[in-house]
Amino acid sequence: MAKIRAYKLAEELGLERTEFVEKAQALGVELKSPMASLDEKEADLLREKLGGVKRGQQMVERRVERAGGGAVIRRRKRVAPKKEEPVPAPAVEPEPSAEEPTLGEPVAPPLEGEVPAPAVAAEPEPAAVGGETSTGPAPTPAPAPGRAAPGRREEAAPATPAAKRQRKRVREVVNLREQEQIARQVTGRTLRRAVTMDTRTVPSPRRRRRDTPAPRPAAAPKPKPTRRVARVEGVVSVAELARLLGAKAAEVQAKLMALGTMASLNQTIEVETARKLAESYGFELEDVGFREEAYLEAEQPAAGDLRPRAPVVTVMGHVDHGKTSLLDAMRKTDVVAGEAGGITQHIGAYQVSVGDKKVTFIDTPGHEAFTLMRARGARATDIVVLVVAATEGIMPQTVEAIAHAKAAEVPILVAINKCDLPAANPAQVRQRLMEHGLVPEEFGGDIICVEVSALKGTGLDKLLEMILLQAEVQELRADPERRARGIVLEARLDRGRGPVATVLVQDGTLHQGDALVMGPIQGRVRAMENERGERVKEAPPATPVQVIGLGDVPEAGQAVHAVESERVAREIAEHRTAQERGREVQPRPAQSLEALFAQVEGEGPKELLVVLKGDVHGSVEAVRDALQKLSTDDVQVKVIHAGVGAISESDVMLAKASEAVVVGFNVRPDSAARRAAEGQGVDLRSYSIIYELTDEVRKAMAGLLPPKLEESVLGQAEVRRIFQVPRVGTVAGCYVIEGLIRRSARARLLRDGVQVWDGRLASLKRFKDDVREVQTGFECGMGLEGYNDIKVSDVIEVYEVKEAPATLE
């Protein structure tokens, strides 16, 4: 069944993309973005609902010429004008009744303990003798609109604004009299109550002293609980933590084991684990070490502070497929002519304006820098444009670029270059892409392929349009008001200007004069230049600039942070330098098969990532199938990259970034790959027999699973007598009825076959001597750690828990 992109159907119906998505969702069609695909049935439904002509409507079509060539037909619905309807006459506002309450009038509240008096009707009071009342003569009410006054025969005149104002004044006079009457009633009741009250309102000083009770003595303040604090600097060893808590090291190790952490005395543990352990001893753990996060992690911006930013696009592909030529065509500058042999010699970053929007492009000399950035936890790229020559198709470096983009989980757009040449075959390129997991949208997939020619400049507008559409789907935003944060793309030592770094600002705005820290390097921005060599004062998000004023040359991929002062930058740099020295003293490999044996953290199914290289394509496919068949419900083997040829440095860097192992079948690593594996701590294995390879991988898979805990009972002892020892607690006099009792083992207390306690032995003695173990048929005294409710005839069972290697099902 043929599929169509949502944005294409929106253009067909003459609707905006966002409007089309909202209307489709309202009609029950699950549509997440304009990039989503619709089947034929859904497309027909939307054409009928959104493009159909209803009664009283006309469909108007208009042909609109595009700026880049071609035309599109826009359809709009025109609704027939409705017949004029007679305008209804304005309704006359009826006069409010005199019995209705008037809003906003103050009403006196009733006195305490009394029932409020009923409301007085807003009408004139009856006349007294002589035609007068206590409040004066009552005014004659105005006749209602449309009625004649009594005693007159002429017809009533229609209501006028003056008549309406007269009625309003009458109502105000009536309401005023009502308020005066209520006030008189309230005042009379208040006076009567005041007369009945005690007239002695101000007591004499002597009576006040006699009536005042004697002051009570103030209660003694309760003593505040003692706050016990243990201070550590970052990580702490088990022995040091036991010293701070005043506990035995073996006891601390036992509690760590209960928390799921196996550690030796000299092994360091994280602060959070140490904090949980300190709470069990009544201590509050404080980390007094230097925390650079307090200086680097600023307050997160609110949703209203985020503004759209330009997308950052990395151009990747095989050598001489036209990556830099494509950028040259879009920038309208000549970059290739200035490079030796037409090969990119450095990392370049450029911005291209598309109308009122911008796109930032990063041109890489390979995949090492791209992977190194990802290995350091930095995602500098929003979109990857894969350049493939239509004359050559998929090449080895093209496959590597696909693997790197997939591992980074970055959207991929394919630019099929050199389509103007006679030998170009774009259809074959699309078919070959499917062999590597990239399904073009022409075949029902989600990969956009654009045919371009960097030499003649054709298809570039379409490529930029698709990049902006993908960026719109991703909703890329940043806060330009916060301190700058970015990444080092490239750095070098300039003979005249000193260390120069190409920095991509990812968030915030970088200003001239800002203090910077990047890894162990710190400095101040003395000057900034854009890609054209022009001096700039500031760099907003998604802007690449060259920074001058650093203390040393940083490494590519280092995170860049702007801090409040040079003092803070110096402290952070010194702290990182000290950490690097500590890591040099105790090196730790990043990933190896031995390390995988002990990897048990995380939830859900585990994954073993493999970078596979072989001598021929057939061998690679056979080994890939054999490895994938080893996957189980608990552990899955995932080959993130497979290729033909010797193990290269790029393979090692990909394994470093993805925390994978490199496996070679009938191939060996070159010298550069071997040095990179040793320096980065990546495990690299080569095999010539497939069974040896699968056996090693199976062992590594088993190492990802947590070890099995096997329990073995050592012995049992029956409680014969109970002793109460001062300052010790309850001690059980026992007789060993089976096996042996070992002091270092765990124990449980059984009462009538039911477990009532589980823990460790506090003491084990024979007569007055401490012993390590007691055999069957001997008597002994045992104390249970933190438990005293022991009774005669209870059974104390001693057992051990051993860890056994996990096995695959």
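The values are calculated or read from the model by the stated rules, or taken from the named source; none is laboratory data. If you're wondering where the values come from, they're calculated on a predicted model, not measured in any experiment. Note that each Cβ is placed from the backbone with ideal geometry, even for glycine, and that neighbours are counted across all protein chains shown. When the accessible area is computed, the model is the full protein with side chains, heavy atoms only, and any ligands, DNA or RNA have been set aside. Shrake-Rupley method; radii C 1.70, N 1.55, O 1.52, S 1.80 Å.
Spot the failing condition for LEU469; the list is (1) assigned to a helix (DSSP H, G or I); (2) among the aliphatic types (A, V, I, L, M); (3) at pLDDT below 90; (4) within 23 Å of MET35 (Cα to Cα), and only one is missed.
(3)
LEU704 is checked against (1) closer than 30 Å to VAL637 by Cβ; (2) among the aliphatic types (A, V, I, L, M); (3) open to solvent by 50 Å² or more (accessible area, probe 1.4 Å) and fails just one. What number does that condition carry?
The failed condition is (3).
Between a first residue in the range 654-675 that is at positive phi and a second residue that is in a loop (DSSP other than H, G, I, E, B), which pairs have beta carbons less than 6 Å apart while being 6 or more apart in sequence or on different chains?
Pairs found: ASN666/ASP615; ASN666/SER688.
Taking the range 381-391 on its own, how many of its residues are outside any strand (DSSP E or B) and either under 17 Å from the mean Cα position of the chain (by Cα) or modelled with pLDDT of 90 or more (or both)?
From the range 381-391, those outside any strand (DSSP E or B) are 381-382, 390-391; that's our starting set.
Filter again for either under 17 Å from the mean Cα position of the chain (by Cα) or modelled with pLDDT of 90 or more (or both), leaving 382, 390-391.
Total satisfying the criteria: 3.
Does the range 391-443 hold any residues that are of a type in the set (Lys, Arg) and free of Cβ contacts under 8 Å to residues at least 40 places away in the same chain, and which are they?
Step one: of the range 391-443, the residues of a type in the set (Lys, Arg) are 406, 418, 430, 432.
ARG430, ARG432 - these are the residues of the range 391-443 that are of a type in the set (Lys, Arg) and free of Cβ contacts under 8 Å to residues at least 40 places away in the same chain.
Working only within the range 12-37, note down all residues that are touching a residue at least 60 places away in the same chain (Cβ under 8 Å) and among the polar types (S, T, N, Q).
SER33, SER37
Looking at the range 508-561, what strands (runs of 3 or more DSSP E) fall wholly within it and have at least 1 residues that are open to solvent by 50 Å² or more (accessible area, probe 1.4 Å) and free of Cβ contacts under 8 Å to residues at least 60 places away in the same chain?
On the way: elements: 515-518, 521-529, 543-550.
Passing ranges, in order: 521-529.
With the condition kept exactly as written, say whether any residue in the range 451-463 is outside any loop (DSSP other than H, G, I, E, B), without any contact (Cβ under 8 Å) to a residue 60 or more places away in the chain and not hydroxyl-bearing (Ser, Thr, Tyr). Before you say what the answer is, go through the steps one by one.
First, pick out the residues of the range 451-463 that are outside any loop (DSSP other than H, G, I, E, B): 451, 453, 458, 460-463.
Add one more test, that the residue is without any contact (Cβ under 8 Å) to a residue 60 or more places away in the chain, and what stays is 453, 458.
From what is left, the residues that are not hydroxyl-bearing (Ser, Thr, Tyr) are none.
No - not one qualifying residue is present in the range 451-463.
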